[in-house]
Amino acid sequence: MPTTILAAAINADLDTGSYFELATRAAASCLEQAGITPEQVGMLINAGVFRDQNICEPAVSALIQKRIGIGLEYAPGRVPAFSFDLMNGGTGLLHAIATAECFLVSGEVSYALLVAGDTHPSTERHVDGFPYSTSAAAILLGTSNTTGGFGALHTTDTAGPADPIAWVAMGEVGANGRSAMSTKAGADDLVELAAVAVRDCLRAEGLDATDFAEGRAVLLAPTWTLAFRARLASALGFTSEAIVGIDPSVDNPYSAAPVHAYVSARDSGALAAARTVLFLAADDTSAACLAYHQQVLARAGSR
């Protein structure tokens, strides 16, 4: 059966700066929305990039899996579960969806829980120079014969090697490396990369500007800025109303941006009539676009 989105949740609680805790809370909300218990989940993927104390081992997914209580004991009748990190900057969550779908459509797992989000490694909520907001998001995937599932993942990258935009300067921070992070501004304009990925997706899905103008399709932008959405709409020949961004209060949720945009569109009613939802993710060096068919795919020639 096709893959379906069962629930999605975000969390930016102000009482903590821990990505681990925020991701756990978002995941718990997601499971509660869907009426699914942790014992039913067979896979957890973490796509978050910046994490508490710059932890590298064990995998962040394993730490979150333990907090949620997914597959902690193997016993007859229990659903076996596994987790892993899949980090690819701002586009990692869309890669995680494509990966999870391979296991869902084959029947190897019944439910896959994906989490993403970022925090400064000090877990301070506001650190000068750190460009990403402290938040987390979760999305629960399953299967259903009432949806059309996801299409192919379309990606594009800048040519040549990319300079790092975040690193730990070990020679400068001394013993404080676990709570330090240096960053520099990346590309100011992500529209060109984003437009290439969206156009590839539109061609593959057989969609055009009319589908968006008439509400049959919606494009989710990974940013709150009106300027980005307006310029992207112009590049694609869309009306600005066809593109839904994230809540401005969140600022820049980076790896969690696709879920933030989805929740924003869902809660505003923008998805109510849409057959197809296009997830867009972009960062300084890459962009990705993925179509989600909320309704069963129509026969060829029908609208």
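The values are calculated or read from the model by the stated rules, or taken from the named source; none is laboratory data. This structure is a prediction, so every number in the text was calculated from the model and none was measured. Using ideal geometry, Cβ is built from the backbone for each residue, glycine included, and neighbour counts are taken over all protein chains shown. What goes into the accessible areas is simple: the full protein's heavy atoms, side chains included, and nothing from ligands, DNA or RNA. Shrake-Rupley method; radii C 1.70, N 1.55, O 1.52, S 1.80 Å.
Hey, among the residues in the stretch 215-255 that are of a type in the set (D, E, K, R) and out of contact with any strand residue (DSSP E or B) (no Cβ under 6 Å at 6 or more places or on another chain), which one's nearest to D283 (Cα to Cα)?
Only one residue tops the list, namely D251.
May I ask you to list the residues in the stretch 76-118 that are among the small types (G, A, S), outside any helix (DSSP H, G or I) and open to solvent by less than 50 Å² (accessible area, probe 1.4 Å)?
Within the stretch 76-118, A81, S83, G89, G90, A112, A116, G117 meet the criteria.
Here is a check on your reading of the model: is T158 surrounded by fewer than 19 Cβ atoms within 10 Å (Cβ to Cβ), touching a Leu at 6+ places or on another chain (Cβ under 8 Å), at pLDDT below 90 and of a type in the set (V, I, T)?
Working: surrounded by fewer than 19 Cβ atoms within 10 Å (Cβ to Cβ): yes; touching a Leu at 6+ places or on another chain (Cβ under 8 Å): yes; at pLDDT below 90: yes; of a type in the set (V, I, T): yes.
In short, yes.
Taking the options A152, A138, name whichever one is surrounded by fewer than 14 Cβ atoms within 10 Å (Cβ to Cβ) and at pLDDT 95 or above.
A152
Identify the residue in the stretch 1-54 that is part of a loop (DSSP other than H, G, I, E, B) and in contact with a Leu (Cβ under 6 Å, 6 or more places away or on another chain) and, among all such residues, is nearest to S110 (Cα to Cα).
Within the stretch 1-54, the match that is nearest to S110 (Cα to Cα) is V41.
Among the residues of the stretch 161-185, which ones are small (G, A, S) and either surrounded by fewer than 17 Cβ atoms within 10 Å (Cβ to Cβ) or farther than 18 Å from H120 by Cβ (or both)?
A162, A166, A169, G171, G174, A175, G177, S182, A185
I'd like the residue in the stretch 266-278 that is part of a loop (DSSP other than H, G, I, E, B) and open to solvent by 60 Å² or more (accessible area, probe 1.4 Å) and, out of all such residues, is nearest to L153 (Cα to Cα). Walk me through it before giving the result.
Initial filter on the stretch 266-278 (part of a loop (DSSP other than H, G, I, E, B)): 269-275.
The next check asks that each one be open to solvent by 60 Å² or more (accessible area, probe 1.4 Å); those that pass are 272-273, 275.
Details: A272: 23, A273: 23, R275: 18 Å.
Top of the filtered list is R275.
More than 17 Å from D118 (Cα to Cα), small (G, A, S) and either without any contact (Cβ under 8 Å) to a residue 40 or more places away in the chain or out of contact with any Lys or Arg (no Cβ under 7 Å at 6 or more places or on another chain) (or both): does that describe G48?
no
Check A230, A204, A194 and return the single one that is modelled with pLDDT of 90 or more, in a helix (DSSP H, G or I), touching a Gly at 6+ places or on another chain (Cβ under 7 Å) and open to solvent by less than 70 Å² (accessible area, probe 1.4 Å). First the steps, then the outcome.
On the way: A230 fails: touching a Gly at 6+ places or on another chain (Cβ under 7 Å); A194 fails: touching a Gly at 6+ places or on another chain (Cβ under 7 Å).
Going through A230, A204, A194 in turn, just one is modelled with pLDDT of 90 or more, in a helix (DSSP H, G or I), touching a Gly at 6+ places or on another chain (Cβ under 7 Å) and open to solvent by less than 70 Å² (accessible area, probe 1.4 Å): A204.
Out of A221, A230, A180, A195, I need the residue that is without any contact (Cβ under 8 Å) to a residue 40 or more places away in the chain and touching a helix residue (DSSP H, G or I) at 6+ places or on another chain (Cβ under 7 Å). Which one?
A230
Working carefully through the options A28, A9, find the one that is under 19 Å from the mean Cα position of the chain (by Cα) and open to solvent by 10 Å² or more (accessible area, probe 1.4 Å).
After ruling out the rest, the residue left standing is A28.
Please verify whether D211 is of a type in the set (D, E, K, R) and in contact with a strand residue (DSSP E or B) (Cβ under 7 Å, 6 or more places away or on another chain), treating the condition exactly as stated.
So D211 fits the description; yes.
Just checking, does the stretch 217-226 include any residue being open to solvent by 60 Å² or more (accessible area, probe 1.4 Å) and outside any helix (DSSP H, G or I)?
yes
Please specify each residue of the stretch 238-265 satisfying the condition of being surrounded by fewer than 16 Cβ atoms within 10 Å (Cβ to Cβ) and either modelled with pLDDT of 95 or more or not in a loop (DSSP other than H, G, I, E, B) (or both).
Matches in the stretch 238-265: S240, E241, P248, S249.
In the stretch 49-75, what count of residues is obtained for those that are within 30 Å of S286 (Cα to Cα) and open to solvent by 70 Å² or more (accessible area, probe 1.4 Å)?
Adding up the residues that qualify gives 3.
Do we have any residue at all in the stretch 156-169 that's farther than 29 Å from S249 by Cβ, of a type in the set (V, I, T) and part of a loop (DSSP other than H, G, I, E, B)?
yes
Out of all the residues in the stretch 214-227, which are in contact with a Phe, Trp or Tyr (Cβ under 8 Å, 6 or more places away or on another chain) and at pLDDT 95 or above? Explain how you work it out, then say what you get.
Initially, the stretch 214-227 is screened for residues in contact with a Phe, Trp or Tyr (Cβ under 8 Å, 6 or more places away or on another chain), giving 218-221.
Within the stretch 214-227, V218, L219, L220 meet the criteria.
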